[in-house]
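Remarks on the structure that follows.
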Amino acid sequence: MAKILDGAALAKDVRAEVAAGVLEMHQKHQVTPGLAAVLVGDDPASAIYVRNKGRACDEVRMFSETFRMPSTSTQSEIVDLISRLNHDQRFHGILVQLPLPKQINEEATIDTVSPAKDVDGIHPFNLGKLVQGSPIFIPGTPAGVQQILLRSGYNPSAKHVVICGRSNIVGKPLATLLMQRREGSNATVTICHTRTKNLAEITRQADILVAAMGQPGAITADMVREGAVVIDVGINRVSDASRKQGYRLVGDVDFEAVVEKVEAITPVPGGVGPMTIAMLLVNTLTAARISILGH
């Protein structure tokens, strides 16, 4: 039976480290790090994510505020709000919860966030710094995946990491992060996606397999080799009449089958998700430090 990589427990450790940093900022500089969350529309999953991030901020004594905009908001209204937040000194970080309604241009909206407050790490400036090898803010999920591996004793250095998924918020930045010539990286990285031929042949080569495809149960037992480490980034709702809410959350990995074969695996929920939020707090603390100390 595989070792279960408990992201919730690891995230608790990270939050404790952040809380100590927040206290130090307050005592030394009389500054409380602040996070502004922009939530457009009424997507239930997005509302839950933002609420969880707010609770995490409360736990570490950060200041946070959620700015809710109706689903009928225009591009200019969203841009105006972000522009105001860019100049609001209460907030060191700005989070724009994705996805946005169809009439809103996501790329243009993200570009509006000041790079100095882009604690999601997805502004072109910050992605460029990551590619360059001198990141300021690493996107939360890739940073969380890396920390799960390092804190669980699975340093990716010299390992073959196969990432299934090429999104701008997970697949691409994670590949870039893990291939860096720096401590905690130095992996050989392969990216697979929906157009990859003979996917199972490639995934079976992985020492560390990361599933970020957005398809429930996409990674089956025959697609992983014995003794691999599996990180499941996916979070999908599937119908389940036995549950009060009528659904349950599952990852992109067929957990019940794969857990019997691999050395270690993250659960869903309770794996990557809590670490993503914890790393957002790390970035917000970093943003506050840079605003005060310049580094």
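Structure summary
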| item | result |
| --- | --- |
| Members of the stretch 234-251 that are more than 16 Å from ILE219 (Cβ to Cβ), touching an Asp or Glu at 6+ places or on another chain (Cβ under 8 Å) and assigned to a loop (DSSP other than H, G, I, E, B) | GLY246 |
| Condition check for ALA175: under 16 Å from ILE148 (Cα atoms), crowded, with 16+ Cβ neighbours inside 10 Å and touching a Ser or Thr at 6+ places or on another chain (Cβ under 8 Å) | no |
| Hits in the stretch 189-207 (condition: surrounded by fewer than 19 Cβ atoms within 10 Å (Cβ to Cβ) and either touching a residue at least 60 places away in the same chain (Cβ under 8 Å) or within 19 Å of PRO135 (Cα to Cα) (or both)) | none |
| The stretch 236-260 residues that are without any contact (Cβ under 8 Å) to a residue 40 or more places away in the chain, paired with ones that are open to solvent by 100 Å² or more (accessible area, probe 1.4 Å) and small (Gly, Ala, Ser) (beta carbon under 8 Å, 6 or more apart) | GLY246/SER239; TYR247/SER239 |
| The stretch 253-295, subset surrounded by 24 or more Cβ atoms within 10 Å (Cβ to Cβ) and in a loop (DSSP other than H, G, I, E, B), residue nearest to the chain's Cα centre (by Cα) | GLY271 |
| The one condition in (1) in a helix (DSSP H, G or I); (2) over 20 Å from PRO33 (Cα atoms) that ALA116 fails to fulfil | (2) |
| Among the candidates PRO142, PRO135, residue that is under 26 Å from ASP232 (Cβ atoms), out of contact with any strand residue (DSSP E or B) (no Cβ under 8 Å at 6 or more places or on another chain) and either of a type in the set (Lys, Arg) or part of a loop (DSSP other than H, G, I, E, B) (or both) | PRO135 |
| Yes/no for VAL31 being within 30 Å of GLY153 (Cβ to Cβ), open to solvent by less than 80 Å² (accessible area, probe 1.4 Å), out of contact with any strand residue (DSSP E or B) (no Cβ under 9 Å at 6 or more places or on another chain) and not basic (Lys, Arg) | no |
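Here's the yes/no breakdown for (1) open to solvent by 30 Å² or more (accessible area, probe 1.4 Å); (2) under 23 Å from THR276 (Cα atoms); (3) part of a loop (DSSP other than H, G, I, E, B):
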site: ASP13; (1), (2), (3): yes, yes, no
site: VAL22; (1), (2), (3): no, yes, no
site: GLN27; (1), (2), (3): yes, no, no
site: ARG61; (1), (2), (3): yes, yes, yes
site: LEU85; (1), (2), (3): no, yes, no
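The values are calculated or read from the model by the stated rules, or taken from the named source; none is laboratory data. Remember, predicted model here, so these are calculated numbers, not experimental data. Cβ sites come from the backbone with ideal geometry, for glycine too, and all protein chains shown count toward neighbours. Side chains included, ligands, DNA and RNA excluded: accessible areas come from the protein's heavy atoms. Shrake-Rupley method; radii C 1.70, N 1.55, O 1.52, S 1.80 Å.
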